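All remarks here apply to the structure that follows.
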Amino acid sequence: MWQPFTEEHQHFRKMVRDFAEKELAPHAEEWEESGCFPSSVFRRAGELGIHGAHYPVAHGGSGGDYWFSVVKGEEYPRCNSAGVTMGLLVQSDMATPVISDLGTDEQIEEFLKPALSGEKVAALGISEPEAGSDVAGIKTVAKQDGDDFVLNGQKTFITNGARADFVTLLAKTNPEQGAYGCTFFLVPTDLDGYSVSRTLKKVGNKSSDTAELFLEDVRIPKRYQLGEDNQGFMYLMQNFQTERLIGCVSALQGAFYALEFSADYGRDRVAFGKPIIKRELWRHRFVDMHIRAESAKAFVYKCVDAYNSERHVDKGPVSMETVKLISMAKVLVGDVVSEVMDMCLQFHGGWGYIEEYPIARAWRDARLFRIGGGTSETMKYYIAKLLNL
Ligand SMILES: Cc1cc2nc3c(=O)[nH]c(=O)nc-3n(C[C@H](O)[C@H](O)[C@H](O)COP(=O)(O)OP(=O)(O)OC[C@H]3O[C@@H](n4cnc5c(N)ncnc54)[C@H](O)[C@@H]3O)c2cc1C
């Protein structure tokens, strides 16, 4: 059977699993209630070499392939809090890949290396109050002024945004040109004019901070521009592929984990003289969900394999065929995960609706996956275009 994981990946898996189960899971409840896991978690993951496992050594990573990132995405969900998983994945797989791809030596030293070591917290600033799915509609503007850029605008829904040390941020440098007028910048958060206007209260992922950011005449030197003028949208489309792929991996593994702990629950819970997991109806429902989840996993692995060879090994852009497959995977995983979580909650009966059991949180948290990083509808909009429909 095709097996992408080597012994090295398996050692790494054990280390990430221990980290998630022993160092994170015991605090899940406390962090949900406080509304934010501590920044020391970023540092600890950095010390263990988790953030940078799939980055080049010269960028502060360990030089592994993309399957290391997959291992991480599969093991983090054992921390029992999708908010923590999300915050950590934004740090290593959403706000930073574009720096590794495009960054100058100075940008790698100043931003990427400290992010991979966990000393600096990173956020990705794309969405705005009036532009989420339709990124080309962003209104934040970066205007060149001598050797500086001056930024004005607003970002919302920004994960890690309340305590980020820098934001990998997309702004318009040529507002008339829509998608062809966007440029990426690295924006330190301690500059005059930068503020966190509010932290958003969410339905789920409560242990991760999600913020609204305000930029009023924020002046940054030109050396903080990332990549070429007006190419930001194209870079973002590449960055979206890794964001969506790692999202698929971790959301799906969260579903497998929910099937595992729900089955355990059903072994102990007796109704009408029998453990509920022994009822044929439920056994078949579990089987159906395992079949759905395994099929989705096979499809996600196909996407990872394509992504790993095109992007990670060959260092080229992701092909449109792979973009199409990853977009499809995001829709499929969104549906499968929602079905699994809903079934597992139902299986718990009334206890499924009570916070004491992990399924309540897993069910709430999983709902985000059909929205964040591109909604299922937007994915279908792109897939239809790519299918020439
Ligand atoms: C908890 C959380 C964390 C997030 N983290 C980040 C982050 O770190 N950084 C960041 O930049 N963003 C982040 N986001 C933003 C997220 O990516 C956006 O919410 C998402 O892309 C959808 O954009 P929107 O909310 O503006 O919805 P809208 O674009 O307003 O969409 C509203 C509805 O219209 C539908 N729709 C839109 N276009 C089409 C179409 N062409 N065809 C059919 N239907 C369509 C959508 O599917 C949706 O149902 C986060 C969001 C949340 C909730």
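The values are calculated or read from the model by the stated rules, or taken from the named source; none is laboratory data. It should be emphasised that the depicted structure is a prediction, and the values quoted were computed from it without experimental measurement. Because the Cβ atoms are built from the backbone with ideal geometry, glycine has one as well, and the counts that use them run over all protein chains shown. With ligands, DNA and RNA removed, areas are computed over all heavy atoms of the protein, side chains included. Shrake-Rupley method; radii C 1.70, N 1.55, O 1.52, S 1.80 Å.
Structure above, values below:
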| item | result |
| --- | --- |
| Burial order of peptide ranges 325-332, 169-176 (average beta-carbon count within 10 Å, highest first) | 325-332, 169-176 |
| Table column - 3J(HN,Hα) (Hz), region 41-53, Karplus curve with 6.51, -1.76, 1.60, x for Gly and Pro | 5, 4, 5, 5, 5, x, 4, 7, x, 7, 4, x, 3 |
| Extension gain, residue 346 back to residue 294 (0.36 nm per residue minus Cα-Cα distance, nm) | 16.6 nm |
| Computed lengthening from residue 353 to residue 197, 0.36 nm per intervening residue step minus Cα-Cα distance | 52.8 nm |
| Electrostatic dipole magnitude of region 268-389 [Cβ: Lys, Arg +1; Asp, Glu -1; Cα centre; debye, to 20] | 120 |
| Per residue value of the accessible surface for the chain (all protein chains in place, 1.4 Å probe), Å² | 44 |
| In Å², nearest 10: area of residue 314 left accessible to a 1.4 Å probe | 110 |
| Residues whose placed amide H lies under 5 Å from that of residue 55, excluding near-sequence neighbours | 62, 63, 64 |
| Protection proxy ranking, peptides 130-139, 278-287, average beta carbon neighbours within 10 Å, highest first | 130-139, 278-287 |
| Rounded FRET efficiency, nearest 0.05, which uses the C-beta distance separating residue 283 from residue 43 and R0 of 51 Å | 0.70 |
| Residues with amide H under 5 Å from that of residue 149, placed H, sequence gap 5 or more | 220, 222 |
| Net length gained if the chain between residue 152 and residue 190 were fully extended (0.36 nm per residue, minus Cα distance) | 12.1 nm |
| Burial order of peptide ranges 360-373, 223-236, 143-156 (average beta-carbon count within 10 Å, highest first) | 360-373, 223-236, 143-156 |
| Label-point gap, in nm, between residue 180 and residue 271 - each point 7 angstrom along Cα→Cβ | 6.0 |
| Of every Cα-Cα pair in the chain, the percent that sits beyond 42 Å | 10 |
| Using θ = phi - 60° and Karplus 6.51 cos²θ - 1.76 cosθ + 1.60, couplings along region 340-349 (whole Hz; Gly, Pro as x) | 4, 5, 5, 5, 5, 5, 4, 5, 7, x |
| Label point distance in nm, residue 8-residue 30, each placed 7 Å from Cα along Cα→Cβ | 3.6 |
| Efficiency of FRET between residue 104 and residue 144 - r from beta-carbon atoms, R0 22 angstrom, step 0.05 | 0.80 |
| Eligible aspartates and glutamates near residue 172 by straight Cα distance, threshold 19 Å, same-chain separation 8 or greater | 128, 130, 134, 145, 147, 148, 212, 216, 217, 228, 229 |
| Straight-distance crosslink candidates among lysines, where the alpha carbon sits under 22 Å from residue 22 and sequence neighbours closer than 8 are dropped | 14, 72, 206 |
| Most to least accessible of 268, 342 (protein chains only, probe 1.4 Å) | 268, 342 |
| Sequence-separation-based contact order of region 54-163, relative, with Cα cut under 8 Å and 6+ spacing, percent | 21 |
| Of all accessible heavy-atom area on the chain, the percent that carbon and sulfur account for (1.4 Å) | 53 |
| Of 160, 173, 257, farthest towards positive along the dipole that unit charges on Lys, Arg, Asp, Glu beta carbons give region 157-277 | 257 |
| Cα→Cβ-extended label distance, 7 Å offset, between residue 222 and residue 387, nm | 4.7 |
| With all protein chains modelled, accessible area of residue 59 [1.4 Å, Å²] | 30 |
| Karplus-derived 3J(HN,Hα), 6.51/-1.76/1.60, for each residue of region 373-389, Hz, glycine and proline x | x, x, 6, 4, 5, 5, 4, 5, 4, 5, 4, 4, 5, 5, 8, 6, 7 |
| Which of 291, 276, 158 is most accessible, then next, and so on - probe 1.4 Å | 291, 276, 158 |
